[in-house]
Amino acid sequence: MANEITTDSAPALNTVRILIVGDVMLDRYWFGDVNRISPEAPVPIVRVNHREARLGGAANVARNAAALGAHTALLGVVGADEAGTEVEQMLESGGIHSYLQRDEAISTIVKLRVIGRQQQMVRIDFEEAPTDTVLRDKLEQFKTLLHDYDVIVLSDYAKGSLVAVADMIAAARAAGKVVMVDPKGDDFSRYAGATVLTPNKSEMRQIVGAWSSEEQLTAKARQLRADLRLDALLLTRSEEGMTLYTDGEQYHMPAAAREVFDVSGAGDTVIATMACMLGAGAGWKDAVQTANRAGGIVVGKLGTATVTREELFG
């Protein structure tokens, strides 16, 4: 591809300082063999022979940014439990600075996936919203921390950690920071004033309604960008690639995936890569092109995964 960034021309991502804020999760994977059906119910029996744990949610965004070499910090809430301790340990081993707060009243959000013969058989979620006291402390801590970072990424999984997202955006923008939001829910007004939003197709449809043509989609996207006072809107479109809408312009990138194995966490990879690129001074088109390539790489891997600098620019 013309003008593709290579290792020699890649921005100095190790100079970028990124603060990720949002819903922190622990992704657990139980792998096993499936050889028979349960006599108790018509379901397969998975005999577990291997277990893995990975950072999920906002922690996976941090993991992706750190894998690209950025100085990365994570602000969020976990429970005062074994899973929260495991998240802390994984952040430390990944070179991610932890500003996690431990909430005595809740359990850490855990997503447990049971995999049989490389196919997900079931997912079991454990989740509770953080308490008001911890969330107030988190907002004050955010306002203190944001001056030390170039880019702020707000990773909203609608689990309760970003109830003060409007205040966070206002404070970060007042401090002159790039504010990126991975949104959720049926009300995007709370994200008004951010630098860029990165909804997927289903999230976009929930906000603006269905579209029957590319022209109609463009009109709806431009109107949403204007209504929310965004510098840009990045629509991630799965097999259709992604489209960036800025003031009076749009830029479409076809999907870069060679083979899709698992789409879980792909949005985390996209926003983390864009954050690194924008923080290093790249323009919108270079940032989107690189993020699109990163997303194409990560969907070829099992589970929540990351892309290395060498894979991206090598």
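The values are calculated or read from the model by the stated rules, or taken from the named source; none is laboratory data. All values reported here derive from a predicted model rather than from experimental measurement. Positions of Cβ are generated from backbone atoms using ideal geometry, with glycine treated the same way; all protein chains shown enter the neighbour counts. Note: accessible area is taken over every heavy atom of the protein model, side chains too, but ligands, DNA and RNA are not part of it. Shrake-Rupley method; radii C 1.70, N 1.55, O 1.52, S 1.80 Å.
Filtered by the rule that a residue be of a type in the set (Val, Ile, Thr) and in a strand (DSSP E or B), segment 38-56 gives Ile45, Val46, Val48.
Scanning segment 57-102 for residues that are part of a helix (DSSP H, G or I), closer than 17 Å to Arg17 by Cα, open to solvent by less than 40 Å² (accessible area, probe 1.4 Å) and not small (Gly, Ala, Ser) turns up Asn60, Val61, Asn64, Leu91. Only one of the listed residues (Ala255, Ala219, Ala226) is within 27 Å of Ala70 (Cβ to Cβ) and either aliphatic (A, V, I, L, M) or touching a residue at least 40 places away in the same chain (Cβ under 8 Å) (or both). That residue is Ala255. Could you count how many residues in segment 193-202 are more than 13 Å from Val165 (Cα to Cα) and in a loop (DSSP other than H, G, I, E, B)? Counting residues in segment 193-202 that are more than 13 Å from Val165 (Cα to Cα) and in a loop (DSSP other than H, G, I, E, B) gives 3.
Within segment 219-252, how many residues are assigned to a helix (DSSP H, G or I) and more than 20 Å from Asp187 (Cβ to Cβ)?
Our first condition is that a residue be assigned to a helix (DSSP H, G or I); within segment 219-252, this holds for 219-227, 238-240.
Those still in the list that are more than 20 Å from Asp187 (Cβ to Cβ) too: 219, 238-240.
Counting residues in segment 219-252 that are assigned to a helix (DSSP H, G or I) and more than 20 Å from Asp187 (Cβ to Cβ) gives 4.
Given the structure, is Lys159 of a type in the set (Lys, Arg), over 30 Å from Arg36 (Cα atoms) and under 21 Å from the mean Cα position of the chain (by Cα)? Considered against the rule, which asks whether it is of a type in the set (Lys, Arg), over 30 Å from Arg36 (Cα atoms) and under 21 Å from the mean Cα position of the chain (by Cα), Lys159 comes out as yes. You will find that of Arg205, Arg190, the residue that is in a helix (DSSP H, G or I), on the phi < 0 side of the Ramachandran plot, basic (Lys, Arg) and touching a residue at least 12 places away in the same chain (Cβ under 8 Å) is Arg190 and no other.
A count restricted to segment 103-112 and to residues that are touching a helix residue (DSSP H, G or I) at 6+ places or on another chain (Cβ under 6 Å) and open to solvent by 30 Å² or more (accessible area, probe 1.4 Å) stands at 0.
Restricting to helices (runs of 4 or more DSSP H) lying wholly in segment 265-314: which have 3 or more residues that are within 20 Å of Asn200 (Cα to Cα)? Show your work before the answer.
Values: elements: 266-279, 284-298, 309-313.
Because the criterion is at least 3 residues that are within 20 Å of Asn200 (Cα to Cα), the helices (runs of 4 or more DSSP H) in segment 265-314 that meet it are 266-279, 284-298.
When residues in segment 229-243 are screened for being at pLDDT 95 or above and either small (Gly, Ala, Ser) or over 16 Å from Arg205 (Cα atoms) (or both), 4 of them pass. Looking only at segment 113-154, residues that are surrounded by fewer than 16 Cβ atoms within 10 Å (Cβ to Cβ), in a helix (DSSP H, G or I), modelled with pLDDT of 95 or more and in contact with a strand residue (DSSP E or B) (Cβ under 8 Å, 6 or more places away or on another chain) come to 2 in all. Among the numbered conditions (1) open to solvent by 10 Å² or more (accessible area, probe 1.4 Å); (2) modelled with pLDDT of 75 or more; (3) of a type in the set (A, V, I, L, M, F, W, C); (4) more than 17 Å from Asn14 (Cα to Cα), the only one that Val298 does not meet is (1). Tallying residues that are touching a residue at least 40 places away in the same chain (Cβ under 8 Å), closer than 19 Å to Tyr157 by Cβ and more than 13 Å from the chain's Cα centre (by Cα) within segment 24-65 yields 5.
In the set Ile18, Ile45, Ile37, which member is farther than 20 Å from Lys301 by Cβ, in contact with a Ser or Thr (Cβ under 7 Å, 6 or more places away or on another chain) and open to solvent by 30 Å² or more (accessible area, probe 1.4 Å)?
On the way: Ile18 fails: open to solvent by 30 Å² or more (accessible area, probe 1.4 Å); Ile37 fails: in contact with a Ser or Thr (Cβ under 7 Å, 6 or more places away or on another chain).
Just a single option satisfies the conditions, and that option is Ile45.
Does at least one position in segment 228-239 carry a residue that is within 22 Å of Ala305 (Cβ to Cβ) and over 16 Å from the mean Cα position of the chain (by Cα)?
Scanning segment 228-239 turns up at least one residue that is within 22 Å of Ala305 (Cβ to Cβ) and over 16 Å from the mean Cα position of the chain (by Cα).
Here segment 155-186 is the region considered, the condition is being touching a helix residue (DSSP H, G or I) at 6+ places or on another chain (Cβ under 6 Å) and in contact (Cβ under 8 Å) with a residue 40 or more places away in the chain, and the residue that is most open to solvent (accessible area, probe 1.4 Å) is Val178.
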